[in-house]
Amino acid sequence: MSELWPGRHGPNVDYISFPPSLSWQTTFPRKIVLLGSTGSIGRNALAVIDQNPELFSVQGLSCGSNAQLLVSQASKYRPPYLAVATEEVRASVEDALPANYRPIIFVGREGYVRLATVPEATTVLSAQSGAAGLAGTLAAALSGRVICLANKESLVLAGSLVRDIAALTGAALLPVDSEHNAIFQCLAGRNQDVHSIVLTASGGPFRGMSAAQMANMQPEKALAHPNWKMGKKISIDSATMMNKGLEIIEAFHLYGVAKEQIEVVIHPQSLVHSLVRLCDGSLLAQMGQADMKLPLAHCLSWPRRTQEVTSRLDLARVGQITFEEADHEAFPCLALAKRALAERGGMCVVLNAANEAAVELFLHGQVSFAAIPRLIARALDAHAATSPGHQPFCPPLAGRARDLNDLSRLVREIEERIVHLDRKSREFVRACAREGERTC
Ligand code: NDP
Ligand code: MG
């Protein structure tokens, strides 16, 4: 099946990992842990599993604090392991579970790490939101698991680290993010002849507006995505177009392409999920309904295909699809992400943390929509002024670890540096917001 896998070490593309082992590819039911099962991606993944019960066996589920939903999922699938954010949540989950079902419940960051590495599971869906997803992704990679990766922030924060770990442990990554999944499908075995990859973007709920028109938009409007139903944080990222900015960084690390080989085009209907431009001028596109069950089914059952998981796209009814240029002036987050990727030295960590902090403040009504990019820009400027810059924040791992313990220790050290810079950047943004919006 390697003809379906994007090329490694190619002149134009260098995919982040090797394919999963043949035994993984052919063993069903596939034993899966879902990190973030109560979220939008987690619920869609369980819907795919429900539609194909013979292909999957759920070994673990997790939430942050939504004990009620976790209890209902756990009571249905009865996995041997669960994980939650705090002791308090653990106690409520334990109380509410049926008396004849006693799973092991892990707690906190360590708990998610334990869940990501339980020996029964071969496959981990990384679908926690934001930087909180990093620990689980790194742990799954260190344990050589097959990772269905929705949590794009893991690659924004530590893309080169994940790549290095995968090379050493044999972990394999399958991209769930719809654009990257589309590119994965279009690349099918290629590592040459690729000119560039083209990420499509819906443009979000404020497409066509000027910066002034959207400056004071309220959270309800920003959350109302025209095509996709998603978690709150990623919905705001779509409104600011930071989501596409993060996806440029995600594509850079996943496909090992040059920054200049990543294009962005607005496609309001969200039916073409992304494209690959070949050197002779051909464009390969992947299309389908705007439904995350499609990329989830593709990753979870790869290289097999499941039965239809969503309604069939009726092209004649679609009628027309359109493309237009992105408005960089109205959506400054795109340029901020490109800047962070170009400058390295922890800038992507700062970008992501500042964005998460600013989005949270916006959702709580503490800053305006227009303040989000301003706060991120200030955090990037402040970091650039104090750090040497252009140095890789995640130093290469190759040749530095004698064994797996050593590797885990090195990874933990780097993760702690990331977490420290992440915390500092969030504090910086909150302090700026406290100073007053006008100075942001
Ligand atoms: P949601 O907010 O809907 O769900 C997030 C999940 O993570 C929930 O299970 C939530 O638990 C859990 N969680 C949140 N915070 C923490 C924390 N601090 N510690 C542990 N667990 C936590 O997010 P989405 O499903 O929309 O997104 C998940 C990831 O997938 C993100 O990285 C996003 O960028 C990516 N993605 C999402 C897409 C989508 O269509 N939704 C598309 C492409 C990528 P609880 O329910 O208890 O809060
Ligand atoms: Mg996407």
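The values are calculated or read from the model by the stated rules, or taken from the named source; none is laboratory data. Just so it is clear, the structure is predicted and the values come from calculations on it, not from any experiment. Here the Cβ positions follow ideal geometry from the backbone for every residue, glycine too, while neighbour counts run over all protein chains shown.
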What pairs come out if I take residues in the stretch 12-28 that are surrounded by fewer than 16 Cβ atoms within 10 Å (Cβ to Cβ) and pair them with residues that are modelled with pLDDT under 95 whose C-beta lies under 7 Å away, six or more apart or interchain?
Phe18/Arg8
With the checklist (1) more than 8 Å from ligand 1 (Cβ to nearest atom); (2) in a helix (DSSP H, G or I) in hand, flag the one item Glu153 doesn't pass.
(1)
Return a yes/no flag: does the stretch 38-55 have any residue that is hydroxyl-bearing (Ser, Thr, Tyr) and over 30 Å from Ser2 (Cβ atoms).
yes
Go through the stretch 192-235 and report how many residues are in contact with a helix residue (DSSP H, G or I) (Cβ under 7 Å, 6 or more places away or on another chain), of a type in the set (D, E, K, R) and over 20 Å from His364 (Cα atoms).
1
Taking the stretch 273-283 as the region of interest, how many residues are under 19 Å from Val318 (Cβ atoms) and surrounded by 19 or more Cβ atoms within 10 Å (Cβ to Cβ)?
3
Would you check which residues across the stretch 156-189 are assigned to a helix (DSSP H, G or I) and either among the β-branched types (Val, Ile, Thr) or within 13 Å of ligand 1 (Cβ to nearest atom) (or both) and list them?
Val156, Leu157, Val162, Ile165, Thr169, Ser178, Glu179, His180, Asn181, Ala182, Ile183
Checking Leu61 against (1) of a type outside the set (Asp, Glu); (2) closer than 22 Å to Asp95 by Cβ; (3) within 16 Å of ligand 2 (Cβ to nearest atom), which test does it fail?
(3)
Got a number for residues in the stretch 165-215 being on the phi > 0 side of the Ramachandran plot and of a type in the set (D, E, K, R)?
1
Specify which of the listed residues (Ala67, Ala45, Ala83) is over 25 Å from Glu250 (Cβ atoms) and at pLDDT 95 or above.
Ala67
Among all residue pairs at least 6 apart or on different chains, which show Cβ distances below 9 Å where the first residue, located in the stretch 33-46, is more than 12 Å from Ala150 (Cβ to Cβ) and the second is part of a strand (DSSP E or B) and near ligand 1 (Cβ under 6 Å from one of its atoms)?
none
Give the residue, chosen from Gln213, Gln192, that is among the polar types (S, T, N, Q) and either at pLDDT 95 or above or in a helix (DSSP H, G or I) (or both).
Gln213
Go through Pro219, Pro226, Pro268 for me and flag whichever is more than 13 Å from ligand 2 (Cβ to nearest atom), at pLDDT below 95, more than 16 Å from the chain's Cα centre (by Cα) and more than 30 Å from Thr27 (Cα to Cα).
Pro226
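Residue-wise test of (1) without any contact (Cβ under 8 Å) to a residue 24 or more places away in the chain; (2) not small (Gly, Ala, Ser).
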{"position": "Glu88", "(1), (2)": "yes, yes"}
{"position": "Ala96", "(1), (2)": "no, no"}
{"position": "Tyr112", "(1), (2)": "no, yes"}
{"position": "Pro119", "(1), (2)": "yes, yes"}
{"position": "Leu149", "(1), (2)": "no, yes"}
{"position": "Ala167", "(1), (2)": "no, no"}
Go over the candidates Arg344, Arg304 one by one and state the one that is over 18 Å from the mean Cα position of the chain (by Cα), touching a residue at least 40 places away in the same chain (Cβ under 8 Å) and on the phi > 0 side of the Ramachandran plot.
Arg344
When the stretch 358-397 is checked residue by residue, the ones that are surrounded by fewer than 16 Cβ atoms within 10 Å (Cβ to Cβ) and either over 23 Å from Val162 (Cβ atoms) or of a type in the set (Asp, Glu) (or both) are His364, Gly365, Gln366, Asp381, Ala385, Thr386, Pro388
Please go through the stretch 47-65 and give me each residue that is in a strand (DSSP E or B), away from ligand 1 (no atom under 16 Å from the Cβ) and without any contact (Cβ under 8 Å) to a residue 60 or more places away in the chain, ordered by number.
Ser57
Regarding the stretch 106-121, can at least one residue be identified that is away from ligand 1 (no atom under 14 Å from the Cβ) and buried (at least 24 other Cβ atoms within 10 Å of the Cβ)?
yes
Strands (runs of 3 or more DSSP E) wholly inside the stretch 220-299 containing at least 1 residues that are within 14 Å of ligand 1 (Cβ to nearest atom):
272-278
Quick check, is Arg344 surrounded by 15 or more Cβ atoms within 10 Å (Cβ to Cβ) and modelled with pLDDT under 95?
yes
